[in-house]
Every structure is written in structure tokens, then in C-alpha cells.
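A.B. asks: Quick one: the structure is below, and I'll ask about it shortly.
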2 protein chains.
Amino acid sequence: MNSELSSQQVKDIGEQGLLERLQRFCPPEIIGDDAAVLETALGQSLVVTTDVLVDGVHFSNLTTSPEDAGWRAAAANLSDLAAMGASPLGITVGLGLPSELRVSWVERLYQGMTECLQKYNTPIVGGDVVRSPVTTLAITAFGQVNPSQIIRRSAAVIGNAIVVTGVHGASHAGLELLLHPELEQNLKDAERTALILAHQRPQPRFDVLPILWKILTPNSQLSIAGMDSSDGLADAIIQICRASGVGAVLERRQISVPKTFNHWLPPEQALKYALYGGEDFELVLCLPQELASALVQHLGEGAAIVGSITPGSTVLLHDEQKKFPDQVLNLSQGFQHFGQ
Amino acid sequence: MNSELSSQQVKDIGEQGLLERLQRFCPPEIIGDDAAVLETALGQSLVVTTDVLVDGVHFSNLTTSPEDAGWRAAAANLSDLAAMGASPLGITVGLGLPSELRVSWVERLYQGMTECLQKYNTPIVGGDVVRSPVTTLAITAFGQVNPSQIIRRSAAVIGNAIVVTGVHGASHAGLELLLHPELEQNLKDAERTALILAHQRPQPRFDVLPILWKILTPNSQLSIAGMDSSDGLADAIIQICRASGVGAVLERRQISVPKTFNHWLPPEQALKYALYGGEDFELVLCLPQELASALVQHLGEGAAIVGSITPGSTVLLHDEQKKFPDQVLNLSQGFQHFGQ
């Protein structure tokens, strides 16, 4: 890109000009009308989710390149679809932009978004670009799901095992490394890179779904409870318990964290990252013990049964080895831990 | 509402607390999961559109109450669905809010949105509330359409009549009256109120669709071209011509304006309001002459054939009485007229 082009600002080409530049990221047969038209498969239900991200609140040039901001925004919305058991159909992107913003910043944002979306065959099917004093990104994602395979927060039942589809805490660790480079002294380059990538390029877990349906086939009437761990593992389990009117016991030593944590963080801090760090975008699923074991085995490293659903409404953190007393988890702890 | 409640700010209850307060505007069976699940009817295509509105750019406390801002935002998105021939399924609402904003302002915004939505049986099925230095409203609307009834901008053919479903210019006149109350001296109260209401409470024209399908039944293979006139009548016709690779001739005296304009505005200014004012949210449809005549007759007052589709790519404003020379319309004129 020559320097004249890369220094171009939104005001130089206007919102309309920018929209035209962004059209190359969208399928030409879908855009260009008052609205986009999409086909859903026969017998599928429509699934819709939306997120708003604001510069300085949800992303920052300090820790996030525009490509990564785009990737993360797309991944977060796709993860909500995966957490419903749905496959993606498309997203719309609404942008509020200061007129001094560089056009190249917006193009890099779209580059990151489409890199993530292409991995899951998801088109950008529409959008809006408007003037705003602060860069704002509003994404709505829609997908489709077989009505018998909808994963709901409210479907957990007593006795269910709680499965996590991967390790927790990696994204928060990556963010800490970006904010405080001095923390990396006990890490190998590859370990540092892996944690930072977990923060910058999280992966929605659509890959879990076909494995889950395969395991469930003989019990296809079964409702699976679950959500994603975008706001932390503790939040996910508390939200599922609230919605299902049940409690849970988590086994402290079953909560899987990145291996790196073992020689890098004190165990208590590793646990806090895992429970409250957020943005790991794993799935937290509640299902009968046998099926849970089969799922964990198929998913491989990082996947684990971390606890079970109990009567009552309390979410307990338990230590089999009784070194730590039982601890009741609640949502405000996450905010305390990270001063949010 | 007591004064303690009405002075409550977003920071007093937090984004999560506000989301809980706003849930009463949403159907409880749909919200509360990672995403909303909706049913589409068999054989229908999904239609999606999105808009971002920013305080001080798209709405202002000077001319717009929060209820009206909410109504207008909902109406604009629904109108995009109507312009595709679709019926609405639901909307999502993403809000960026300064922490000092009053909670009552947000509730009044939702009140206005739901007043409009209820008229068209459309639920708010999801949303997001985040902190932002500037009040921002991102709406995504989705609907469904019979694939044979999709109205596209690109389907206009030479010889088609161009139909408007109602008068143009009323919304802009209403805005002018709000900004410059001195303009109302030649207007009766009822006339003033009607114009202001046209601005504050525009109506998406879903009512046109069943009439259109009824007229088309014997020719159901016919593709109808069209869009809404949200950015002005001139813009709509120019966009349709561009997308269809055709031109158009508009008859100056056929362009229907509110009757009030006749004794209130000089004819040239009335025409400018109609062509470039915008936000009337009428439908602009291109169809064979006979069907166009039947449609106008069924729609009644305000509906009119305003011109026809021609070869070439020029959009001409023509005067049958030859008092005015032919004039070529283009998009930049709208901006010139209103100094945007």
C-alpha cells in the first residue's frame, strides 16, 4: 500500500465511499439491496445474537491490532451461535467511525473479521457505516439449528456432568502478557506466543458440535444444557445453574488450565484466571456422566469433566484433597478479582 | 414515576441492571440464552438489514424525544424489510450508552421502539448494552419472504411505470417545523401536527404488500423492482436505475406531495422536499403500466405513477407543460439542497 493510500482518512472518501471499499469483503450477490436475502435449510430454526464493541472499552490499539479486533469480534458472535448448537449463516456489521480514522484501519478490521469468518464459511451479508465520535462496532450473527439440537442454558438436570471443551485462562493470560511484558520472563517464546494467540485469535468451537451429535445419536431426544465461557468459566456455570434452577459442585483440581500455567503461575492465580478471566470461548456443557466421558475422550487435550449438577442453587468450588475449604462462587467475584 | 427513579443514571444500576430492566420489552421465552431462536415459515427466505444511529448525528434531543427516536429507528429497519417484500420476524438492539445517561431515557427509547414494533407484531429478540462515550443504537431487523415475491432494486425493465405508495416531503417538512417554529405561521394546527407526526412516527408500508400480491396473482412469475424512499425519492429512483442498468423519466407534476404544501411552500421548494427530503419510508415500485394503475387505485390518496423506466442510464425530471426544461437528477443534488 503506498503512503498516500494508507494515510487516507474516512472523511476523504466519506461513509458511502468507505462502504464501496468494504464491499470486496462481502459476497456481491447478497449485498446491494435494502436488505440481504439468505436461505435457511428445511426444518431449521433461526438463531440470532448481537454484540456492540466500543473503542477504549472493548478493544484498544495498545493490545489489539485492527485485524485482531475484527477477528475477536467475529469469533465472539460465532461462539454464541456454537453455544446454541447452531451453524452460522452470516453476520451484519454496523460501524460508527470518527471522520479522522484511517481508511486502512477499517480495511484491516474487515481483513481480520473475514479471516475468522472464512474459517467457518460465514459471509458478511450487510452493514451500515455512519459518522460517530467514537469507533463502534455492532455485529449481529445469525445461524440455523435443528430444533431438536438446540443447546439451552435452562436444560441442566441434577446428576449431569459439567464438561469444558478446552482449557480456561489462556486468553486472560495473553492479555496480561500484552499489558505487562515483564511477566513473560519465565516463559519460552512458544509459550508466550500461544497464550497471546489465545487472546488475539480465539476459536469458536463449532468443531465440538458434530462430535456431540455423534455421541448423542442413540439418545437423540436428550436436551443438552450449555453456553460459551465468554465471560469466564464461573459465569457460565452460574448462568446455567440460574437458568436451570439447580446448583453445581466444581472440582478444583479438574479445572483444566494451559500446561504453561504449572511453572508460570501460583496455582491459586491460575485458578482465578480460569474461573474469571473470560474470553476463552470454550463451550460449557451439561450432560449425563457416560456421555460426558465419551465427549471428553473424543475432544482430547484440555477437555474435562469439571464437576456435576446438584440440587439447590449453590455453585460450590470443592477440593477433593481437602486442602482448601469449600467456596461458594458468585458473579461479583469475577469483578473483584480483576477490578472491573 | 417518582423523581428518585426518573433521575437514576445508567451507572447507578450498571449495564447488567439495565439489561434486566429492558427485558420487560422482550418476549421472555425468546431471550436469556447466548442467542435467540426463531421459527421461519416453510419455504421462506430470510431477510436481514442493519442500521447504526448515533446521538447528535442521527437523532437529537432538540427535535426528537427518546420515544420518537426509538419509533423512527424501528420504523426505518422495518421499512427495509417491507421494501424487500418481507414480513418481519424480530429485531435485535445494540446500545452504547454513556454512564451518566438517565435510565428513564433508555426506557422511553424502548417504549417508542416497542410501540412501533407492536403495530407490526415484531418482537425485540435480543440485544447488548455496553458503555460508550456517545449514545449509539444499532438495530438489526430480520424478516421472511416468499422467494418468488422478493422485491429487488435490480429488477426494473424498460417500460415499467414507477409507483410511489404515498406523498413525499412530509417528513422533511416536519423536521423543518421542529427546527424553525417560525415557519408554521401559514399552517393550521392540524396541518402542522400531521407534518411533524410524519417526521416523528413514520409508518413502514407493510400494508402495501398484500395489495401488491393480490394484483399480481395472475402474473405471479413477475419480478417487481423497488426500494424504500428512506434517503429521498430521487435517491430511490437513481438507485433502482443503477442496479437495473436503466434510466427513468419523472413527470414533475405527478410527484405527489402533502396537500398542505400547496398553500404553504413555493412549488419548487415542495418538489425539492419531495425529491431530496428523505425519511418518508414510502415504497418506490416499478411494474408494468396496467398493474401500476391498479395498484395506485387500490392504495388511494397519495399513491401515484410518477414516471417510467427508459433505456439508457439518465434519470430525467420532465415537465409535460414545458414550463421547466428537462433536468438530470443525480445523488449529489440531495446533498447540495440540504447542505449535508
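The values are calculated or read from the model by the stated rules, or taken from the named source; none is laboratory data. All values reported here derive from a predicted model rather than from experimental measurement. Positions of Cβ are generated from backbone atoms using ideal geometry, with glycine treated the same way; all protein chains shown enter the neighbour counts. All accessible areas refer to the heavy atoms of the entire protein, side chains included, with ligands and DNA or RNA removed. Shrake-Rupley method; radii C 1.70, N 1.55, O 1.52, S 1.80 Å.
A.B. asks: Once you sort the root eigenvalues of the Cα gyration tensor of region A:257-317 as a ≥ b ≥ c, which label holds: rounded (a/c under 1.5), prolate (a/b larger than b/c) or oblate (the other case)? Mind showing how you got there, number by number?
C.D. replies: On the way: a/c = 2.21, a/b = 1.32, b/c = 1.68.
Taking the square roots of the gyration eigenvalues as a ≥ b ≥ c, region A:257-317 is oblate.
A.B. asks: Only Lys, Arg, Asp and Glu count, each charged at its Cβ (+1, +1, -1, -1), so figure out the dipole size of region B:60-144 about its Cα centre, rounded to 20 debye. Numbers along the way, then the final one.
C.D. replies: Working: 5 positive and 7 negative charges, 3 e Å.
Around 20 debye, computed over region B:60-144.
A.B. asks: Can you tell me the convex hull volume per residue for region B:151-338, based on C-alpha atoms, in Å³ to the nearest whole number? Intermediate values should be presented prior to the final figure.
C.D. replies: Working: hull volume 21.1 nm³, N = 188.
Dividing the Cα hull volume of region B:151-338 by its residue count gives 112 Å³.
A.B. asks: Got the relative contact order for chain B handy, in percent, Cα pairs under 8 Å and 6 or more residues apart? Walk me through the numbers on the way to the answer.
C.D. replies: Numbers: 729 pairs, mean separation 72.1, N = 340.
That works out to 21 percent.
A.B. asks: From the residues B:Ala270, B:Phe324, B:Ile305, which one has its Cα farthest along the dipole of region B:248-340 in the positive direction, the dipole being from +1 and -1 charges on Cβ of Lys/Arg and Asp/Glu about the Cα centre?
C.D. replies: B:Phe324
A.B. asks: What average count of beta carbons from other chains do you get within 10 Å of the Cβ of residues in B:87-100? Spell out each step's value before the answer.
C.D. replies: Details: counts 0, 0, 2, 2, 3, 9, 3, 10, 2, 10, 2, 0, 0, 0.
Shielding by partners across B:87-100 averages 3.
A.B. asks: Now, a different point. Near A:Arg131, within a Cβ-to-Cβ distance under 12 Å, what is the net charge of the other residues, with Lys and Arg +1 and Asp and Glu -1?
C.D. replies: Numbers: positive: A:Lys11; negative: A:Glu15, A:Glu100, A:Asp128, B:Asp55.
Within the 12 Å Cβ shell, the charges total -3.
A.B. asks: Also: Note the angle between two axes, namely the Cα long axis of helix A:10-22 and the longest principal axis of the Cα atoms of chain A, as a number of degrees from 0 to 90, rounded to the nearest 10.
C.D. replies: Value to nearest ten degrees: 60.
A.B. asks: Normalised by the residues of region B:1-101, what does the relative contact order come to in percent, with Cα pairs under 8 Å and at least six apart? Show your work: numbers first, answer last.
C.D. replies: Numbers: 32 pairs, mean separation 43.0, N = 101.
Once normalised by length, the contact order is 43 percent.
A.B. asks: I've got another one for you. Indicate the gyration tensor shape class of chain A (rounded, prolate or oblate), computed on the Cα atoms with a ≥ b ≥ c the square roots of the eigenvalues: a/c under 1.5 is rounded; otherwise a/b larger than b/c is prolate and the rest oblate. Before the final figure, lay out each step's value.
C.D. replies: Values: a/c = 2.28, a/b = 1.40, b/c = 1.62.
Oblate, because a/c is 1.5 or more while a/b does not exceed b/c.
A.B. asks: Quick one: which residues, 5+ away or cross-chain, put their amide H under 5 Å from the amide H of A:Phe59? H built at 1.01 Å from N.
C.D. replies: A:Val54
A.B. asks: Determine, at each q value in 0.10 (inverse angstroms), the log₁₀ of I(q)/I(0) that the Debye formula gives when each Cα of region A:3-146 is one equal point scatterer.
C.D. replies: Normalising to I(0) and taking log10 leaves -0.33.
A.B. asks: Still on this model: Please list, or write none, the aspartates and glutamates whose alpha carbon is within less than 17 Å of the alpha carbon of A:Lys272, excluding same-chain residues fewer than 8 places away.
C.D. replies: A:Glu176, A:Asp231, A:Asp235, A:Glu251, A:Asp280, A:Glu282, A:Asp319, A:Asp326
A.B. asks: Mind putting a number on the dipole of the protein assembly as shown about its Cα centre? Charges go on the C-beta only, +1 for Lys and Arg and -1 for Asp and Glu, and I need it in Debye to the nearest 20. Each step should come with its number before you reach the end.
C.D. replies: Details: 44 positive and 72 negative charges, 128 e Å.
My answer is approximately 620 debye.
A.B. asks: Right, another one. What percent do you get for the relative contact order of region B:178-327 when only Cα pairs under 8 Å and 6+ apart count? If you can, show how the numbers build up before the last one.
C.D. replies: Details: 192 pairs, mean separation 49.8, N = 150.
Taking the mean separation of contacting Cα pairs over the length of region B:178-327, I get 33 percent.
A.B. asks: Pop a pseudo-label 7 angstrom from the Cα along the beta-carbon direction at both B:Ser313 and B:Ser293 and give the gap in nm to one decimal.
C.D. replies: Between B:Ser313 and B:Ser293, the label points sit 3.4 nm apart.
A.B. asks: Taking 0.36 nm per residue of sequence separation and subtracting the Cα-Cα distance, how much length would be gained by fully extending the chain between A:Arg21 and A:Glu115, in nm to one decimal?
C.D. replies: Working: separation 94, 0.36 × 94 = 33.84 nm, distance 1.71 nm.
Between A:Arg21 and A:Glu115, full extension yields an extra 32.1 nm.
A.B. asks: What does the helix-only formula give at 222 nm for the protein assembly as shown: each DSSP H stretch with n ≥ 4 adding -39500 (n - 2.57), the total divided by the residues, and the result rounded to the nearest 500 deg cm²/dmol? Kindly include the intermediate steps, with their values, before the conclusion.
C.D. replies: Values: 24 runs with 254 residues, N = 680.
Value at 222 nm, helices only: -11000 deg cm²/dmol.
A.B. asks: So in the protein assembly as shown, what percent of DSSP beta bridges are antiparallel if you round to the nearest 5?
C.D. replies: Working: 82 of 108 bridges.
Restricted to the protein assembly as shown, the bridges split so that about 75 percent are antiparallel.
A.B. asks: Sticking with this one: Please report, in debye to the nearest 20, how large the charge dipole of chain A is about its Cα centre when each Lys and Arg carries +1 at its beta carbon and each Asp and Glu carries -1 there.
C.D. replies: Working: 22 positive and 36 negative charges, 151 e Å.
It works out to roughly 720 debye.
A.B. asks: If you count, for every residue in B:121-130, the Cβ atoms of partner chains within 10 Å of its Cβ, what is the mean? Before the final figure, lay out each step's value.
C.D. replies: On the way: counts 0, 0, 0, 0, 4, 6, 5, 8, 1, 8.
The per-residue average across the peptide is 3.
A.B. asks: Report, as an integer, the average count of C-beta atoms from other chains found within 10 Å of each Cβ along A:25-34. Write out the running numbers ahead of the final one.
C.D. replies: Values: counts 0, 0, 0, 0, 0, 1, 0, 6, 14, 21.
Rounded to a whole number, the mean comes out at 4.
A.B. asks: Okay, moving on. Take the alpha carbon gyration tensor of region A:66-185, find the square roots of its eigenvalues, order them as a ≥ b ≥ c, and report rounded if a/c is under 1.5; if not, report prolate when a/b exceeds b/c, else oblate. Display every interim value, and only then the final one.
C.D. replies: Details: a/c = 2.49, a/b = 1.29, b/c = 1.93.
Note, shape of region A:66-185 comes out oblate.
A.B. asks: Say a label goes 7 Å from Cα toward Cβ at B:Glu15 in every copy; what distances in nm does this one have to the rest, shortest first?
C.D. replies: Counterpart label points of B:Glu15 in the remaining copies fall at 2.3 nm.
A.B. asks: Could you work out the local net charge near B:Leu316, counting Lys and Arg as +1, Asp and Glu as -1, over the other residues with Cβ closer than 13 Å to its Cβ?
C.D. replies: Working: positive: B:Arg252; negative: B:Glu251, B:Asp319, B:Glu320, B:Asp326.
My count for the surroundings of B:Leu316 gives -3.
A.B. asks: Need one number: % antiparallel among DSSP beta bridges in region A:231-340, to the nearest 5. Intermediate results must be reported in sequence, preceding the final value.
C.D. replies: Values: 6 of 10 bridges.
Roughly 60 percent of the DSSP beta bridges within region A:231-340 come out antiparallel.
A.B. asks: How much accessible area does A:Trp264 have with a 1.4 Å probe, in Å² rounded to the nearest 10?
C.D. replies: Probe radius 1.4 Å; accessible area of A:Trp264 about 30 Å².
A.B. asks: Let me ask you something else. Once each part is reduced to its C-alpha centroid, what is the distance from region B:222-259 to region A:1-69 in angstrom?
C.D. replies: 28
A.B. asks: Can you list, shortest first in nanometers, how far A:Pro210 lies from the same residue in the other copies, with each label 7 Å from Cα toward Cβ?
C.D. replies: Reported distances to equivalent positions: 4.5 nm.
A.B. asks: For A:Gln321 and A:Glu268, calculate 0.36 nm times their separation in residues minus their Cα-Cα distance, and state this gained length in nm to one decimal.
C.D. replies: Working: separation 53, 0.36 × 53 = 19.08 nm, distance 1.48 nm.
Stretched out fully, the A:Gln321 to A:Glu268 stretch lengthens by 17.6 nm.
A.B. asks: For region B:208-282, which trypsin sites (Lys or Arg not before Pro) pass both filters: DSSP loop (anything but H, G, I, E, B) and at most 13 other C-beta atoms within 10 Å? Could the numbers behind the result be given before it?
C.D. replies: Details: sites: B:Lys214, B:Arg242, B:Arg252, B:Arg253, B:Lys259, B:Lys272; in loops: B:Lys259.
Sites meeting the loop and neighbour criteria: B:Lys259.
A.B. asks: So, one more: Name the GluC sites (Glu not before Pro) in region A:86-172 that are in a loop by DSSP and that have at most 14 other C-beta atoms within 10 Å, would you?
C.D. replies: On the way: sites: A:Glu100, A:Glu107, A:Glu115; in loops: A:Glu100.
Of the GluC sites (Glu not before Pro), the ones in loops of region A:86-172 whose Cβ has at most 14 other Cβ atoms within 10 Å are A:Glu100.
A.B. asks: While we're on this one: Using modelled backbone amide H atoms (1.01 Å from N, in-plane), which distant-in-sequence or interchain residues come within less than 5 Å of B:Met227's amide H?
C.D. replies: When sequence neighbours closer than 5 places are left aside, the close amide H contacts are B:Val284.
A.B. asks: Then there's this: Working with all protein chains in place, sort B:Arg102, B:Arg205 by solvent-accessible area computed with a 1.4 Å probe, largest first.
C.D. replies: B:Arg102, B:Arg205
A.B. asks: Let me ask something else. Determine, at each q value in 0.20 (inverse angstroms), the log₁₀ of I(q)/I(0) that the Debye formula gives when each Cα of region B:159-249 is one equal point scatterer.
C.D. replies: Debye output, listed in q order: -1.02.
A.B. asks: Just B:Leu109, B:Leu195, B:Leu183 to compare: in a GNM of chain B, with alpha carbon springs under 10 Å, which one fluctuates most?
C.D. replies: Answer for the Gaussian network model of chain B: B:Leu183.
A.B. asks: In a shell of Cβ-Cβ distance under 13 Å around A:Asp280, excluding A:Asp280 itself, what net charge do Lys and Arg (+1) and Asp and Glu (-1) give? All intermediate terms of the calculation are to be shown ahead of the outcome.
C.D. replies: Numbers: positive: A:Arg72, A:Arg201, A:Arg205; negative: A:Asp228, A:Asp231, A:Asp235, A:Glu279, A:Glu282.
Spelling it out: positives minus negatives among the neighbours equals -2.
A.B. asks: Could you give log10 I(q)/I(0) at q = 0.06, 0.08, 0.09 Å⁻¹ for the protein assembly as shown, computed by the Debye formula over C-alpha point scatterers of equal weight, without solvent?
C.D. replies: The Cα Debye sum returns log10 ratios of -0.38, -0.65, -0.80.
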